[in-house]
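A.B. asks: Mind looking over this structure? Questions follow.
Since every read-out is calculated from the coordinates, none of them should be taken as a lab result. Note that this is a predicted model, so its numbers are computed, not measured. Virtual Cβ from ideal backbone geometry, glycine too; neighbours counted across all protein chains shown.
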Amino acid sequence: MNIKWISYLLLLSAISAIGIIKWHFLSKEERVVGVLVTLTLISETMALAVSYIWHNNLPIYHIFSPIEFFLISLYFNCVIPLFRKTNIGLIIGIAGFPLAILNTIFLQKITSINSNFLLFEGTAVCIYCLLALHAILLDEEHLPYRFAHFWITLCCLVFWSSTFTGWGLYSMMSVDDETVVMFFDKILTVANFVFYIGIGGTLVFRKRLIQTACA
């Protein structure tokens, strides 16, 4: 296990611990984020173990990706006013499960990268983020950075736009090129660390921020 993986798992562990300790003080949407981080920690730990045993951990991500997408959709179902009224985010999140299964069965086998679903997920999440930011900017009473979900949304937008670009380039370039693989790995590594550090910081300083009521 290299230093990157150790740092990554420790970061996820720390944020999961923060979520557990502050659970009773978190809003509903923040609890969704806490659950997402904890499940990410579990999936990444399993992926690491499976990579050592079977030398292919991609099946773990085929299983985890639709769960991740559902939780992200559930989060934005809380913070986007239109979604709260109609449960659009919840419906889209549930629809992700059959889409992921169909992709695995007919397009990308479970031992390969599920880039099709990840591109779909990235597109959907970026749209969620833009809709959420638009709703925040419409609030004339508070500055955008005063909202907790502004920072979480910003973290999601930076992370998913980076990974979306990365997956797009990865699908177009030769995966046999070591330079391409290394470049792609660095994009994902930096995006992951920035995302989870941002999420952790938001949970730590949540008392200074305005919360969103999720019905």
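A.B. asks: Quick one: which residues, 5 or more positions from Lys22 or on another chain, have an amide H under 5 Å from its amide H? H modelled 1.01 Å from N in the peptide plane, none for Pro or chain starts.
C.D. replies: none
A.B. asks: Which entries in the list Lys28/Lys109; Lys109/Lys186; Lys22/Lys85; Lys85/Lys109 go over 30 Å, if you measure between the two C-alpha atoms of each?
C.D. replies: With Cα atoms farther than 30 Å apart: Lys28/Lys109; Lys85/Lys109.
A.B. asks: Now a separate question. Taking the structure as given and computing log10 I(q)/I(0) by the Debye sum over Cα atoms at q = 0.07, 0.12, 0.14, 0.17 Å⁻¹, which label from (i) -0.25, -0.71, -0.94, -1.25; (ii) -0.22, -0.65, -0.89, -1.31; (iii) -0.27, -0.68, -0.84, -1.07 fits?
C.D. replies: (ii)
A.B. asks: Cα axis of helix 3-21 to longest principal axis of the chain: angle in degrees, 0 to 90, nearest 10?
C.D. replies: Roughly 30 degrees between the two axes.
A.B. asks: Rank-order 21-31, 193-203 by packing density, defined as the average count of other C-beta atoms within 10 Å over each peptide's residues, highest first.
C.D. replies: Values: 21-31: 15.5, 193-203: 18.4.
Result, highest mean Cβ count within 10 Å first: 193-203, 21-31.
A.B. asks: On C-alpha positions alone, give me the angle between the axis of helix 148-172 and the longest principal axis of the chain, in degrees, nearest 10.
C.D. replies: Its long axis makes an angle of about 20 degrees.
A.B. asks: Mind checking which of Phe25, Leu12, Ile67 is farthest towards the positive end of the chain's charge dipole, using Cβ charges of +1 (Lys, Arg) and -1 (Asp, Glu) about the Cα centre?
C.D. replies: Comparing the listed Cα positions along the dipole, Phe25 ranks first.
A.B. asks: On full extension of the chain, what length is gained from Met46 through Met182, given 0.36 nm per residue of separation minus the C-alpha to C-alpha distance?
C.D. replies: Details: separation 136, 0.36 × 136 = 48.96 nm, distance 2.26 nm.
This chain segment gains 46.7 nm when fully extended.
A.B. asks: Let me ask something else about it. Taking the Cα centre of the chain as origin, work out the dipole magnitude from +1 charges on Lys and Arg Cβ and -1 charges on Asp and Glu Cβ, in debye rounded to 20. Mind showing how you got there, number by number?
C.D. replies: Working: 12 positive and 12 negative charges, 134 e Å.
Using only the charged Cβ atoms, the result is roughly 640 debye.
A.B. asks: Which cross-chain or sequence-distant (5 or more) residues have an amide H under 5 Å from the amide H of Phe147, H modelled 1.01 Å from N in plane?
C.D. replies: It is Ile210, by chain and number.
A.B. asks: If you don't mind, there's one more thing I want to ask. Could you state the angle between the C-alpha long axis of helix 115-137 and the longest principal axis of the C-alpha atoms of the chain, as a value from 0 to 90 degrees rounded to the nearest 10?
C.D. replies: 20 degrees
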